[in-house]
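Values quoted throughout were computed directly from the atomic coordinates according to the rules given, and no laboratory measurement underlies them. Note that the structure is predicted; figures quoted are calculated from it, not measured. For neighbour counting, all protein chains shown are included, and Cβ atoms are generated from backbone atoms with ideal geometry for every residue, glycine included.
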Amino acid sequence: MSLSIRPFRIADAPALLALFRDTIRRVNSRDYSPEQITAWASDEIDEAAWASRFEGRFVAVAEADGRIAGFGELEPNGHIDRFFVSADHQGLGIGRALLEAIEVEARRIGLRQLDADVSLTAVPFFERRGFETRSPQIVTLRGVEFHNVKMTRALDG
Ligand SMILES: CC(C)(COP(=O)(O)OP(=O)(O)OC[C@H]1O[C@@H](n2cnc3c(N)ncnc32)[C@H](O)[C@@H]1OP(=O)(O)O)[C@@H](O)C(=O)NCCC(=O)NCCS
């Protein structure tokens, strides 16, 4: 597999939304109920609003053999928001490459810490990458409750 990480382009947004929904339905469905999956990967997500959230953020897009295979998003305050690898490319090192790109950018802009509200599915990945659990949380999305975990990682050194 040939893997490259490149900056987000606005034209990527429809493909990233499709990947987001597909990964939630096929991967996160291991850890969340059908009701939660329906709410999270909702057909009612407004594509323009979903795409506009990328504005002002660092977004790394992974391409595997020339096809979009994942993306990760860093807010200027160090919060990692959407972070997804395609269901067809799990466990191939793409998440690691995306997180490394985020870490390089975070250091470049002088951040001291990264944080994320991590899905139950992704906790082992973030632990492996040096994140520590701060607190389990319950969030509400489209009227449905979800458990996730606040995790942080210091960027000293
Ligand atoms: C979490 C996610 C992004 C990881 O991406 P990935 O490309 O499959 O992960 P990688 O192949 O880069 O794995 C990196 C390391 O984490 C480890 N890892 C990844 N998932 C793991 C799991 N479920 N259990 C244990 N270890 C895991 C790998 O073994 C690897 O270890 P290594 O560095 O020693 O080789 C991916 O599983 C995903 O998209 N999950 C669903 C979406 C999601 O929940 N996103 C997070 C929202 S907060």
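General observations
- Sparse-neighbour loop sites [trypsin sites (Lys or Arg not before Pro); the range 1-104; at most 11 other C-beta within 10 Å; DSSP]: 9
- Put the Cα centre of the range 3-42 next to the Cα centre of the range 67-126 and the gap is 14 Å.
- Relative contact order %, the range 1-139, counting alpha carbon pairs below 8 Å whose residues are six or more apart: 25
- Choice from 87, 49, 60 with maximal GNM fluctuation in the chain (Cα, 10 Å cutoff): 49
- Full extension of the chain segment joining residue 135 with residue 33 gains 34.6 nm, where the gain is 0.36 nm per residue of separation less the Cα-Cα distance.
- When only Cα pairs below 8 angstrom with a gap of at least 6 residues are kept, the range 108-149 shows a relative contact order of 40 percent.
- Residue order for 40, 50, fewest other beta carbons within 10 angstrom first, comes to 50, 40.
- Shown for 151, 1: other C-beta atoms within 10 Å of each C-beta, ranked fewest to most, produce the order 1, 151.
- FRET efficiency, 1/(1 + (r/R0)^6) with R0 41 Å, evaluated for residue 46 and residue 128 via beta carbons: 0.75
- Neighbour counts of C-beta atoms inside 10 Å place 114, 3, 141, 98 in the sequence 141, 3, 114, 98, starting with the fewest.
- Rounded, prolate or oblate (a/c below 1.5 giving rounded, otherwise prolate when a/b exceeds b/c) for the range 80-150 by Cα gyration tensor: oblate
- Whole-Hz couplings from phi, Karplus 6.51/-1.76/1.60, listed for the range 33-45; x for Gly and Pro: 6, x, 5, 5, 5, 4, 6, 5, 9, 3, 5, 8, 4
- Rounded to the nearest 500, the helix-only mean residue ellipticity at 222 nm of the chain stands at -9000 deg cm²/dmol, with each DSSP H run of n ≥ 4 adding -39,500 (n - 2.57).
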